[in-house]
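**Student:** Once you've had a glance at the structure underneath, I'll fire off some questions.
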Amino acid sequence: MADPTRLRITHLLAQHDALCVCEIESAFDLGQPTISHHLKILRDAGAVTVERKGTWAYYSLARPALKRLVTELFALV
């Protein structure tokens, strides 16, 4: 999660209900494989969810999981 690109993706998704991969990619000066790599890491961590509609993939924040993570992090402080 601490990678700057993943933080920016998370911030971008926090501003929308869901975004297509192409919309996420257009917000960065990075190629599609790099964005897909970061989205896979976020998916594997449970931070984002993906819904496929035809050939398009729409990503959104897994808000309950992120809320739990933040709560657990603050409990450590």
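The values are calculated or read from the model by the stated rules, or taken from the named source; none is laboratory data. Since the model is a prediction, treat every value here as computed from it, not as a measurement. Ideal geometry is used to build each Cβ from the backbone, glycine not excepted, and the neighbour counts take in all protein chains shown. When the accessible area is computed, the model is the full protein with side chains, heavy atoms only, and any ligands, DNA or RNA have been set aside. Shrake-Rupley method; radii C 1.70, N 1.55, O 1.52, S 1.80 Å.
**Student:** If I filter the range 44-77 down to residues being among the β-branched types (V, I, T) and out of contact with any strand residue (DSSP E or B) (no Cβ under 8 Å at 6 or more places or on another chain), which single residue comes out as most open to solvent (accessible area, probe 1.4 Å)?
**Tutor:** My answer is V77.
**Student:** Just to be sure before I move on: is V21 in contact with a strand residue (DSSP E or B) (Cβ under 9 Å, 6 or more places away or on another chain), open to solvent by less than 50 Å² (accessible area, probe 1.4 Å) and over 21 Å from R68 (Cβ atoms) in the structure I sent?
**Tutor:** Against the criterion (in contact with a strand residue (DSSP E or B) (Cβ under 9 Å, 6 or more places away or on another chain), open to solvent by less than 50 Å² (accessible area, probe 1.4 Å) and over 21 Å from R68 (Cβ atoms)), V21 qualifies.
A quick yes/no check of all residues on (1) in a strand (DSSP E or B); (2) of a type outside the set (S, T, N, Q); (3) more than 14 Å from A14 (Cα to Cα):
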site: S36; (1), (2), (3): no, no, yes
site: K40; (1), (2), (3): no, yes, yes
site: G46; (1), (2), (3): no, yes, yes
site: P64; (1), (2), (3): no, yes, no
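**Student:** For the range 48-62, which residues satisfy the criterion of being over 14 Å from L12 (Cα atoms) and part of a loop (DSSP other than H, G, I, E, B)?
**Tutor:** Answer for the range 48-62, where residues must be over 14 Å from L12 (Cα atoms) and part of a loop (DSSP other than H, G, I, E, B): G54, T55.
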